[in-house]
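Written out below as structure tokens is the structure these notes cover.
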Amino acid sequence: MPTRALALFLLSLFSVLGRAACPPHDFAEPARIRIQGDAVMIVVHATATHDARYSAKRGVDEAVRFAKNNKIPVIYLQDDTPGQHYYMADCHPDYWAFSQGGEISFDVPPSHLYIVGGHLELCLSAALHDILHQWAKKPPRNLTVTYFMDAIYSNGKLVDPAEPFYGDFVKFMNVVTYGRPGGEHWPKLSLLETMGVIIREDHEMLYLKQVLPRWDRTFPPAYRVEMQLNDSVKKVLRPAAGWHPPTLTFHFVDSALNLSDMPRPHGN
């Protein structure tokens, strides 16, 4: 790398790593978390403790900005890792909630969930399972989960070695983790980076289907379930009877930067 480019890179890196963490804050008691409106954003463990590359930081910051611009409540989940490692630029969510493993201990009544942070295969998955379990107990309605893929970090453990892109995935992971200690602490990449390795949309859809929470164990057959990648044609995962059955939609979007200033209509 040229000397000047290296200097700029290091300056940028140190400015991120050296920025002040959010000041001390209290956690809201679960019963006091009251979410108003029909949408909410939950940020799961946006911390360098689990995402040492800061692979999802820019995406998280843009997602929070999108939520606030559209008056969508924002909730940060924090575990017991050091607070100075949490890397959100915005220190003023509507609520800070303690969650050790991604568990959701408060009511989530809105029908549109924006989910960011991580860890895709662990804490984020736990949060989604808890929320889907809540939703399934409520009266039938259209529901949407929107994933901002540049704001979610992953260890890629669900990439099947039998897939044709597995070799490219391993090469990419080896590059971004080169020289770093092994183990769970380091090897993370954003979900969007995983899509960049997979490339083919049909393969991307198959992979994303595997990372979904187990909706089939939660939602009754009366619900239609579908998945969409950005603005592609929706893929029906399970049909339902009737002309307009209640629909659960999983919508994967590259980045909050890809959306307009207003959130998309639910179920559309």
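Are any residues in segment 188-199 surrounded by fewer than 20 Cβ atoms within 10 Å (Cβ to Cβ) and modelled with pLDDT under 90, and if so, which ones? Before you say what the answer is, go through the steps one by one.
Looking only at segment 188-199, we keep the residues that are surrounded by fewer than 20 Cβ atoms within 10 Å (Cβ to Cβ), and these are 196, 199.
Across segment 188-199, the qualifying residue is only Ile199.
Taking the options Lys138, Lys171, name whichever one is over 23 Å from Gly37 (Cβ atoms) and either buried (at least 18 other Cβ atoms within 10 Å of the Cβ) or not aromatic (Phe, Trp, Tyr) (or both). Let's see the steps before the verdict.
On the way: Lys138 fails: over 23 Å from Gly37 (Cβ atoms).
Only one candidate passes the filter, namely Lys171.
Within segment 51-62, can you find the residues that are open to solvent by less than 10 Å² (accessible area, probe 1.4 Å) and closer than 15 Å to His92 by Cβ?
First, pick out the residues of segment 51-62 that are open to solvent by less than 10 Å² (accessible area, probe 1.4 Å): 51, 56, 59-60.
The one that is open to solvent by less than 10 Å² (accessible area, probe 1.4 Å) and closer than 15 Å to His92 by Cβ: Val60.
Residues to consider are Ile199, Ile152; find the one that is of a type outside the set (Ser, Thr, Tyr) and either touching a residue at least 40 places away in the same chain (Cβ under 8 Å) or under 19 Å from Pro110 (Cβ atoms) (or both). One residue alone meets the criteria, Ile152.
I'm trying to understand the selection: among the residues of segment 253-264, which are assigned to a loop (DSSP other than H, G, I, E, B) and either among the small types (Gly, Ala, Ser) or open to solvent by less than 60 Å² (accessible area, probe 1.4 Å) (or both)? I'd like the intermediate steps shown before the answer.
Pass one, segment 253-264, residues assigned to a loop (DSSP other than H, G, I, E, B): 254-255, 259-264.
Within segment 253-264, Asp254, Ser255, Leu259, Ser260, Pro263 meet the criteria.
Given the criteria among the aliphatic types (A, V, I, L, M) and open to solvent by less than 20 Å² (accessible area, probe 1.4 Å), does Ala48 qualify? Full working, then the answer.
Working: among the aliphatic types (A, V, I, L, M): yes; open to solvent by less than 20 Å² (accessible area, probe 1.4 Å): yes.
Yes, satisfied.
With respect to being crowded, with 16+ Cβ neighbours inside 10 Å and not charged (D, E, K, R), Tyr178 falls outside the description.
Taking segment 141-159, which residues are in contact with a Gly (Cβ under 6 Å, 6 or more places away or on another chain) and open to solvent by 20 Å² or more (accessible area, probe 1.4 Å)? Scanning segment 141-159 gives Asn142, Asp150. In segment 104-126, the residue that is farthest from Lys71 (Cα to Cα) out of those that are under 10 Å from the mean Cα position of the chain (by Cα) and of a type in the set (Gly, Ala, Ser) is Ser125.
Results for (1) open to solvent by less than 90 Å² (accessible area, probe 1.4 Å); (2) modelled with pLDDT under 95; (3) part of a strand (DSSP E or B), shown as yes or no for each residue.
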| site | (1), (2), (3) |
| --- | --- |
| Glu204 | yes, yes, no |
| Tyr207 | yes, yes, no |
| Pro220 | yes, yes, no |
| Glu226 | yes, no, yes |
| Val233 | no, yes, no |
| Leu237 | yes, no, yes |
| Gly242 | yes, yes, no |
| Pro245 | yes, no, no |
| His251 | yes, no, yes |
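Contact annotation: residue pairs with Cβ atoms under 7 Å, 6 or more positions apart or on different chains, pairing a residue in segment 112-128 that is at pLDDT below 90 with a partner that is part of a helix (DSSP H, G or I) and buried (at least 24 other Cβ atoms within 10 Å of the Cβ), are Gly118/Leu124. Is it the case that some residue within segment 18-29 is modelled with pLDDT under 90, outside any loop (DSSP other than H, G, I, E, B) and open to solvent by 60 Å² or more (accessible area, probe 1.4 Å)? Within segment 18-29, not a single residue is modelled with pLDDT under 90, outside any loop (DSSP other than H, G, I, E, B) and open to solvent by 60 Å² or more (accessible area, probe 1.4 Å). Listed by first and then second residue, the pairs linking a residue in segment 60-86 that is closer than 15 Å to Phe27 by Cα and free of Cβ contacts under 8 Å to residues at least 40 places away in the same chain to a residue that is open to solvent by less than 30 Å² (accessible area, probe 1.4 Å) and among the small types (Gly, Ala, Ser), with Cβ atoms under 6 Å apart and 6 or more places separating them unless they lie on different chains, are Val74/Ala67. Note on segment 71-128: residues that are under 23 Å from Pro139 (Cα atoms) and aromatic (Phe, Trp, Tyr) amount to 2. Scanning segment 209-218 for residues that are out of contact with any His (no Cβ under 6 Å at 6 or more places or on another chain), open to solvent by less than 20 Å² (accessible area, probe 1.4 Å) and not in a helix (DSSP H, G or I) yields one hit, Leu212.
Within segment 41-53, residues that are over 9 Å from Tyr76 (Cβ atoms) sit with their Cβ atoms under 6 Å from residues that are hydroxyl-bearing (Ser, Thr, Tyr) and outside any loop (DSSP other than H, G, I, E, B), at 6+ positions apart or across chains, in these pairs: Met41/Tyr114; Thr47/Tyr86; Asp51/Tyr153.
The values are calculated or read from the model by the stated rules, or taken from the named source; none is laboratory data. For clarity, every value in this text was computed on a predicted model and none was experimentally measured. Because the Cβ atoms are built from the backbone with ideal geometry, glycine has one as well, and the counts that use them run over all protein chains shown. With ligands, DNA and RNA removed, areas are computed over all heavy atoms of the protein, side chains included. Shrake-Rupley method; radii C 1.70, N 1.55, O 1.52, S 1.80 Å.
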